[in-house]
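First up is the structure itself, then whatever we jot down about it.
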């Protein structure tokens, strides 16, 4: 099982929206590197949901609910999407400042490539996010 961090602007689609909807198609990704990551996803992979903008924090955990498939709304067959379902909201958000201050996350693409919207995540980083969310 692979682990990911997915970025979203909460004013566009938040973790609470995902919880309300129970499942969504994660679309709108056009960055070549992010699309490359999506193509390697498998149903059952884990995903941390990160709110961008003013929040800048990991707020919840989700599960990749389908293998990637061609975006049915796009005319470009290079664009792929996947389905996502919520697992649980974190007890407390883990801010970008907290992540930047923790040596566990040194070299993570979230910090190195700030505009990347789909970020591979190691098991150690995932575990540390869960620990930090508990205070």
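The values are calculated or read from the model by the stated rules, or taken from the named source; none is laboratory data. Please read all numbers here as calculations on a predicted model, not as lab measurements. Methodologically, a virtual Cβ is constructed for each residue, glycine included, from the backbone with ideal geometry; neighbour enumeration extends over all protein chains shown.
Condition check: part of a helix (DSSP H, G or I) and in contact with a strand residue (DSSP E or B) (Cβ under 6 Å, 6 or more places away or on another chain). Does residue 38 satisfy that?
Values: part of a helix (DSSP H, G or I): yes; in contact with a strand residue (DSSP E or B) (Cβ under 6 Å, 6 or more places away or on another chain): yes.
Yes; evaluated as a whole, the condition is true for this residue.
Can you tell me which residue within the range 3-25, out of those that are over 21 Å from residue 96 (Cβ atoms) and in contact with a strand residue (DSSP E or B) (Cβ under 7 Å, 6 or more places away or on another chain), is surrounded by the most Cβ atoms within 10 Å (Cβ to Cβ)?
So the residue we want is 24.
Which number in (1) exposed (fewer than 14 other Cβ atoms within 10 Å of the Cβ); (2) in contact with a helix residue (DSSP H, G or I) (Cβ under 8 Å, 6 or more places away or on another chain) marks the one condition that residue 42 misses?
Of (1) exposed (fewer than 14 other Cβ atoms within 10 Å of the Cβ); (2) in contact with a helix residue (DSSP H, G or I) (Cβ under 8 Å, 6 or more places away or on another chain), only one is false for residue 42: (2).
Could you list, in sequence order, the residues of the range 10-33 that are under 15 Å from residue 116 (Cα atoms), assigned to a loop (DSSP other than H, G, I, E, B) and in contact (Cβ under 8 Å) with a residue 40 or more places away in the chain?
Within the range 10-33, 27, 29, 30, 31 qualify.
Restricting to the range 103-117, what's the tally of residues that are more than 16 Å from residue 37 (Cβ to Cβ) and buried (at least 16 other Cβ atoms within 10 Å of the Cβ)?
1
If I go through the range 57-89 residue by residue, how many of them are closer than 18 Å to residue 126 by Cα and modelled with pLDDT under 95?
So the count comes out to 0.
From (1) over 14 Å from the mean Cα position of the chain (by Cα); (2) more than 18 Å from residue 12 (Cα to Cα); (3) crowded, with 16+ Cβ neighbours inside 10 Å, pick out the condition that doesn't hold for residue 32.
(3)
Could you grab the pairs with beta carbons closer than 9 Å, sequence gap of 6+ or different chains, first residue in the range 34-50 and under 15 Å from residue 7 (Cβ atoms), second one loosely packed, with under 13 Cβ neighbours inside 10 Å and at pLDDT below 95?
35/78
Out of the strands (runs of 3 or more DSSP E) lying entirely within the range 44-135, which hold 3 or more residues that are in contact with a strand residue (DSSP E or B) (Cβ under 6 Å, 6 or more places away or on another chain)? It would help to see each step written out before you state the result.
Numbers: elements: 46-51, 57-64, 80-95, 118-120.
The qualifying strands (runs of 3 or more DSSP E) are 46-51, 57-64, 80-95.
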